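The values are calculated or read from the model by the stated rules, or taken from the named source; none is laboratory data. Please read these numbers as outputs of a predicted model, since none were measured by experiment. Cβ placement follows ideal geometry from the backbone for every residue including glycine, while neighbour counts extend to all protein chains displayed. Side chains are part of the model used for accessible areas, which takes the heavy atoms of the whole protein and leaves out ligands, DNA and RNA. Shrake-Rupley method; radii C 1.70, N 1.55, O 1.52, S 1.80 Å.
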Amino acid sequence: MAIRPIVKMGDDLLRMKSKPVTEFDERLGILLDDMRETMLKNNGVGIAAPQVGILKRACIVSVDGKTFYELINPIVVKASGRQVGPEGCLSVPGINGDVERPKKLIVDGVDRKGLPVRFKVSDYEAVAFCHEMDHLDGVLFIDKMLRG
Ligand code: CO
(Lines give C-alpha, C1' and ligand atoms only; values in the text may rest on other atoms or scores of the structure.)
Protein backbone atom coordinates (compact mmCIF):
# COMPACT_ATOMS: atom_id res chain seq x y z
CA MET A 1 0.00 0.00 0.00
CA ALA A 2 1.07 3.54 -0.60
CA ILE A 3 -0.04 6.98 0.38
CA ARG A 4 -0.98 9.02 -2.67
CA PRO A 5 -1.02 12.80 -2.94
CA ILE A 6 -4.45 14.37 -2.50
CA VAL A 7 -5.79 16.57 -5.28
CA LYS A 8 -6.77 19.93 -3.83
CA MET A 9 -9.47 22.40 -4.74
CA GLY A 10 -8.54 24.47 -7.76
CA ASP A 11 -7.47 21.39 -9.71
CA ASP A 12 -9.88 20.72 -12.61
CA LEU A 13 -9.77 16.98 -11.85
CA LEU A 14 -12.08 17.54 -8.88
CA ARG A 15 -14.71 19.02 -11.19
CA MET A 16 -14.77 16.22 -13.73
CA LYS A 17 -17.19 13.32 -13.99
CA SER A 18 -15.63 9.94 -13.25
CA LYS A 19 -16.09 6.90 -15.46
CA PRO A 20 -17.48 3.55 -14.30
CA VAL A 21 -15.00 0.92 -13.19
CA THR A 22 -14.89 -1.82 -15.84
CA GLU A 23 -11.73 -3.74 -14.94
CA PHE A 24 -11.83 -5.66 -11.69
CA ASP A 25 -8.18 -6.51 -11.63
CA GLU A 26 -5.17 -6.21 -9.37
CA ARG A 27 -4.76 -2.57 -10.31
CA LEU A 28 -8.20 -1.76 -8.90
CA GLY A 29 -7.27 -3.56 -5.68
CA ILE A 30 -4.07 -1.54 -5.39
CA LEU A 31 -5.98 1.70 -6.00
CA LEU A 32 -8.55 0.85 -3.30
CA ASP A 33 -5.85 -0.19 -0.81
CA ASP A 34 -3.92 3.02 -1.50
CA MET A 35 -7.08 5.10 -1.11
CA ARG A 36 -7.75 3.48 2.25
CA GLU A 37 -4.24 4.16 3.48
CA THR A 38 -4.31 7.72 2.17
CA MET A 39 -7.65 8.37 3.88
CA LEU A 40 -6.44 6.98 7.22
CA LYS A 41 -3.15 8.86 7.04
CA ASN A 42 -5.08 12.11 6.57
CA ASN A 43 -7.68 11.31 9.26
CA GLY A 44 -10.49 11.28 6.73
CA VAL A 45 -13.78 9.40 6.98
CA GLY A 46 -14.02 8.95 3.24
CA ILE A 47 -12.12 9.36 0.01
CA ALA A 48 -13.04 9.18 -3.65
CA ALA A 49 -10.78 8.10 -6.51
CA PRO A 50 -10.75 11.55 -8.17
CA GLN A 51 -9.17 12.87 -4.96
CA VAL A 52 -6.09 10.82 -5.79
CA GLY A 53 -6.27 11.85 -9.43
CA ILE A 54 -8.09 8.79 -10.80
CA LEU A 55 -11.37 9.53 -12.58
CA LYS A 56 -13.04 6.23 -11.73
CA ARG A 57 -16.27 5.68 -9.85
CA ALA A 58 -14.80 4.26 -6.66
CA CYS A 59 -14.77 5.50 -3.09
CA ILE A 60 -14.02 4.36 0.42
CA VAL A 61 -15.98 5.30 3.52
CA SER A 62 -15.12 4.55 7.12
CA VAL A 63 -16.55 6.79 9.78
CA ASP A 64 -15.18 4.71 12.68
CA GLY A 65 -11.90 3.43 11.21
CA LYS A 66 -13.14 -0.14 11.67
CA THR A 67 -15.86 -0.74 9.11
CA PHE A 68 -14.63 0.04 5.61
CA TYR A 69 -17.11 0.41 2.79
CA GLU A 70 -15.86 0.14 -0.76
CA LEU A 71 -18.30 1.83 -3.13
CA ILE A 72 -17.65 0.93 -6.74
CA ASN A 73 -20.02 2.20 -9.42
CA PRO A 74 -22.44 3.21 -6.64
CA ILE A 75 -26.05 4.11 -7.38
CA VAL A 76 -28.51 5.48 -4.83
CA VAL A 77 -31.62 3.33 -4.99
CA LYS A 78 -33.39 4.97 -2.08
CA ALA A 79 -32.86 8.11 -0.04
CA SER A 80 -35.15 9.15 2.79
CA GLY A 81 -35.38 11.69 5.59
CA ARG A 82 -33.07 14.61 6.03
CA GLN A 83 -30.29 15.77 8.32
CA VAL A 84 -28.07 18.81 8.48
CA GLY A 85 -24.52 18.64 9.80
CA PRO A 86 -21.00 19.93 9.34
CA GLU A 87 -18.74 18.52 6.64
CA GLY A 88 -15.17 18.96 5.58
CA CYS A 89 -13.09 17.47 2.80
CA LEU A 90 -9.48 16.36 2.40
CA SER A 91 -9.45 18.27 -0.91
CA VAL A 92 -10.79 21.47 0.65
CA PRO A 93 -8.55 22.05 3.67
CA GLY A 94 -9.56 24.60 6.27
CA ILE A 95 -13.23 24.82 5.35
CA ASN A 96 -16.14 23.27 7.22
CA GLY A 97 -19.81 23.93 6.81
CA ASP A 98 -23.30 22.55 7.18
CA VAL A 99 -24.82 20.50 4.39
CA GLU A 100 -28.27 18.94 4.12
CA ARG A 101 -28.23 15.23 3.33
CA PRO A 102 -30.67 12.31 3.44
CA LYS A 103 -30.97 10.56 6.79
CA LYS A 104 -31.09 7.06 5.32
CA LEU A 105 -29.69 5.64 2.15
CA ILE A 106 -29.74 2.43 0.17
CA VAL A 107 -26.89 2.19 -2.32
CA ASP A 108 -26.21 -0.50 -4.87
CA GLY A 109 -22.78 -1.12 -6.33
CA VAL A 110 -20.22 -3.83 -6.86
CA ASP A 111 -17.29 -5.02 -4.80
CA ARG A 112 -13.67 -5.11 -5.96
CA LYS A 113 -14.34 -8.41 -7.70
CA GLY A 114 -17.28 -6.95 -9.60
CA LEU A 115 -19.94 -8.77 -7.57
CA PRO A 116 -23.11 -6.88 -6.66
CA VAL A 117 -23.41 -5.37 -3.19
CA ARG A 118 -26.09 -3.36 -1.43
CA PHE A 119 -25.44 -0.98 1.47
CA LYS A 120 -28.03 0.33 3.90
CA VAL A 121 -26.66 3.21 5.93
CA SER A 122 -27.98 6.05 8.04
CA ASP A 123 -26.90 9.11 9.99
CA TYR A 124 -23.23 10.05 9.60
CA GLU A 125 -22.48 7.10 7.32
CA ALA A 126 -25.21 8.35 4.97
CA VAL A 127 -23.55 11.78 5.00
CA ALA A 128 -20.17 10.31 4.12
CA PHE A 129 -21.65 8.14 1.36
CA CYS A 130 -23.35 11.17 -0.24
CA HIS A 131 -20.24 13.34 0.10
CA GLU A 132 -17.99 10.75 -1.54
CA MET A 133 -20.45 9.88 -4.32
CA ASP A 134 -20.74 13.59 -5.13
CA HIS A 135 -16.99 13.59 -5.84
CA LEU A 136 -17.63 11.09 -8.66
CA ASP A 137 -19.72 13.74 -10.40
CA GLY A 138 -17.35 16.61 -9.75
CA VAL A 139 -19.47 18.01 -6.93
CA LEU A 140 -17.90 19.35 -3.73
CA PHE A 141 -19.63 19.89 -0.38
CA ILE A 142 -18.96 23.62 -0.61
CA ASP A 143 -21.36 23.69 -3.58
CA LYS A 144 -24.14 22.59 -1.21
CA MET A 145 -23.04 24.37 1.94
CA LEU A 146 -25.82 26.19 3.75
CA ARG A 147 -25.34 29.83 4.54
CA GLY A 148 -25.08 30.75 8.19
CO1 CO B 1 -14.50 15.25 -0.02
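For region 2-60, the alpha carbon positions stretch 30, 25, 16 Å along the principal axes, listed from largest to smallest. Between region 6-43 and region 48-83, the C-alpha centres lie 11 angstrom from each other. Charges were assigned to the Cβ only: +1 to each Lys and Arg, -1 to each Asp and Glu. The resulting dipole of the chain about its Cα centre is roughly 300 debye.
Each label was represented as a point 7 Å from its Cα along the Cα-to-Cβ direction; for LYS103 and ILE3 these points are 3.9 nm apart. The residues of the chain present an accessible area of 53 Å² per residue when probed at 1.4 Å with all protein chains retained.
Please list, by residue number, every one of the GluC sites (Glu not before Pro) in region 1-73 that is coil in DSSP and has at most 12 other beta-carbon atoms within 10 Å.
Details: sites: GLU23, GLU26, GLU37, GLU70; in loops: GLU23.
Hits after loop and neighbour filter: GLU23.
Per residue, the average separation of C-alpha pairs within less than 8 Å and at least 6 apart gives region 1-86 a relative contact order of 28 percent.
Adding -39500 (n - 2.57) for every DSSP H run of four residues or longer, then dividing by how many residues the chain holds, sets the calculated 222 nm ellipticity at -6500 deg cm²/dmol.
The chymotrypsin sites (Phe, Trp or Tyr not before Pro) of region 1-87 that DSSP puts in a loop, and whose beta carbon has at most 15 other beta carbons within 10 Å, are PHE24, PHE68. The calculated pair-distance distribution of the chain uses every alpha carbon pair, bins of 10 angstrom beginning at 0, and gives 12, 45, 37, 6, 0 percent. Over every Cα atom in region 73-148, the radius of gyration and the widest Cα-Cα span, Dmax, amount to 13.0, 44 Å. Here the accessible area is traced with a 1.4 Å probe on the protein chains. For the chain, carbon and sulfur cover 52 percent of it. Its relative contact order, with pairs defined as Cα atoms under 8 Å and 6+ residues apart, puts the chain at 26 percent.
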